[in-house]
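*Asks:* Sharing a structure with you now.
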Amino acid sequence: MKVRNSLRSLKNQPGSQIVRRRGRTYVINKQNPRLKARQG
């Protein structure tokens, strides 16, 4: 799965995970719910 550089910094945060929903790529974080991002 290709992730754009704008999501890479969020992806490296502790507890974050990449989820694909409806063709979009999301970065969600259960430890810190303020960290959210969407791509596509």
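The values are calculated or read from the model by the stated rules, or taken from the named source; none is laboratory data. The structure presented is a predicted model; accordingly, all values stated were derived computationally and were not measured. Every residue, glycine among them, receives a Cβ derived from its backbone with ideal geometry; neighbour counts consider all protein chains shown. For the accessible areas, the whole protein counts, side chains as well, though only heavy atoms, and no ligand, DNA or RNA atoms are used. Shrake-Rupley method; radii C 1.70, N 1.55, O 1.52, S 1.80 Å.
*Asks:* Quick one: Karplus J couplings for the stretch 9-25, per residue in order, coefficients 6.51, -1.76, 1.60, θ = phi - 60°, nearest Hz, x for Gly and Pro?
*Replies:* Per-residue couplings from phi come out as 5, 6, 5, 7, 5, x, x, 8, 9, 9, 10, 10, 9, 6, x, 10, 9 Hz.
*Asks:* What part of the accessible area of the chain, given as a whole %, is carbon or sulfur when the probe is 1.4 angstrom? Mind showing how you got there, number by number?
*Replies:* Values: 1470 of 3270 Å².
C and S atoms contribute 45 percent here.
*Asks:* While we're on this one: Can you tell me the accessible area per residue over the chain, all protein chains present, probe 1.4 angstrom, in square angstrom? List each step's numbers first, then the result.
*Replies:* Numbers: 3270 Å² over 40 residues.
Ligands and nucleic acids excluded, the result is 82 Å² per residue.
*Asks:* What size of dipole, in debye to the nearest 20, comes out for the chain about its Cα centre when the only charges are +1 on Lys and Arg C-beta atoms and -1 on Asp and Glu C-beta atoms? List each step's numbers first, then the result.
*Replies:* Numbers: 12 positive and 0 negative charges, 39 e Å.
So the magnitude is around 180 debye.
*Asks:* Could you tell me the relative contact order of the chain? Use alpha-carbon pairs under 8 Å, at least six residues apart, and round to a whole percent.
*Replies:* Values: 55 pairs, mean separation 13.5, N = 40.
Relative contact order of the chain: 34 percent.
*Asks:* May I pose another question? Residue farthest toward the positive end of the dipole of the chain, with Cβ of Lys/Arg at +1 and Asp/Glu at -1: which of Q17, Q39, S6?
*Replies:* Selected residue: Q39.
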